[in-house]
Amino acid sequence: MPFSPPIWFDTLDSTNTVLKQMVVDNSQLPSGTVLATHYQTNGRGRLSRQWQSASGENLTFSALLRTNIDSIALPSLPLVIGVGLVNALETYNMHAQLKWPNDVLVDHKKIAGVLVELLPSPDGKMANCIIGIGFNINMSLDSANIINQPTTSLLIELNQTYAVQLVLDNLLIHLDKAITLWEEKGFAAIKPNWLKHAVSLNTQVTINNTINDTTTGIHRGIGPSGEIILEALDGTITTHFCGDLSL
Ligand code: BTN
């Protein structure tokens, strides 16, 4: 799934919101379209949270993927993106972990987050996926410390600044490889790599779902659609397609 050269903006509301509107306005907008911005005035995270990123410091972008993969596989897309991001980080000699469903961590601090949103497709065949990624590049320690969860960046970890546009070009190469493998061979071809980097495998976690139910158990694996598998103390197995995981 090749990406087009990114279209860069100084400021946008949210690259996900703007790209979504572009798809609604133009049903022919090509798959692989990428919007990136140096600053978002209304950056959004998962579960209606905000995504904070100071102007010019970090990478915030969204890509359109139109795919005819079986809809049963779609919930695994955020995990596929996580694998692409971890592979890209390896090229900076950084060994990242993945926290289900789609946080990328370095030493338990978040360096990147993924917000995948699906749009109904007019023909009912292709799924339109908006893949939004926030990736901390030149975020200073001071900026990281005001975020309400442990946060890091390439600068904090490697003590070096990076050209944000070049990092995006590198990420797109690795995202392309992961998405192409997923489309050609299915999530089963990506899952071993995801599990290899899983921060919580075989440890106790709690999933808080969108209606505020919590389930605690040992993280035993990932199902065929990207759902997390937990084993409770009494041996009961449950699977979860969405929610917030605490370690
Ligand atoms: C999360 O970790 O909760 C997901 C964060 C996703 C943030 C990115 S930044 C680019 C794109 N536009 C948005 O408004 N959100 C995503």
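The values are calculated or read from the model by the stated rules, or taken from the named source; none is laboratory data. Quantities reported herein were computed from a predicted structural model and do not represent experimental measurements. Heads up, the Cβs are rebuilt from the backbone with ideal geometry, glycines too, and the neighbour counts pull from every protein chain shown. For accessibility, only protein heavy atoms count, side chains too; no ligands or nucleic acids. Shrake-Rupley method; radii C 1.70, N 1.55, O 1.52, S 1.80 Å.
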Go through region 155-178 and give me each residue that's touching a Ser or Thr at 6+ places or on another chain (Cβ under 8 Å) and buried (at least 16 other Cβ atoms within 10 Å of the Cβ). Leu155, Ile156, His174
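Restricting the search to region 71-93, which residues are more than 10 Å from the chain's Cα centre (by Cα) and open to solvent by 10 Å² or more (accessible area, probe 1.4 Å)?
Selection gives Ser71, Ile72, Ala73, Leu74, Pro75, Asn87, Glu90, Thr91, Tyr92, Asn93.
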If you take the residues of region 52-69 that are polar (S, T, N, Q) and not in a strand (DSSP E or B), which of them is farthest from the ligand (Cβ to nearest atom)? Asn68
Only residues that are open to solvent by less than 10 Å² (accessible area, probe 1.4 Å) and more than 14 Å from the ligand (Cβ to nearest atom): list them for region 124-151, please. Asn128, Ala144
Go through (1) out of contact with any Pro (no Cβ under 8 Å at 6 or more places or on another chain); (2) farther than 20 Å from Phe3 by Cα; (3) more than 13 Å from the ligand (Cβ to nearest atom) and name the single condition Ile72 misses. (1)
Among the residues of region 169-218, the number that are without any contact (Cβ under 8 Å) to a residue 12 or more places away in the chain and assigned to a strand (DSSP E or B) is 1
Let me spell it out: the conditions are (1) closer than 20 Å to Leu168 by Cα; (2) of a type outside the set (A, V, I, L, M); (3) out of contact with any helix residue (DSSP H, G or I) (no Cβ under 8 Å at 6 or more places or on another chain); (4) more than 12 Å from the ligand (Cβ to nearest atom), and Lys110 meets all of them except one. Which number is the exception? (4)
Taking region 67-85, which residues are touching a strand residue (DSSP E or B) at 6+ places or on another chain (Cβ under 6 Å) and under 15 Å from Asn170 (Cβ atoms)? Ile81, Leu85
Identify all residues within region 1-39 that are open to solvent by 20 Å² or more (accessible area, probe 1.4 Å), closer than 16 Å to Ala127 by Cα and in a helix (DSSP H, G or I); write none if there are none. Lys20, Gln21, Met22, Val24
When you scan region 40-50, how many residues do you find that are open to solvent by 50 Å² or more (accessible area, probe 1.4 Å) and part of a loop (DSSP other than H, G, I, E, B)? 3
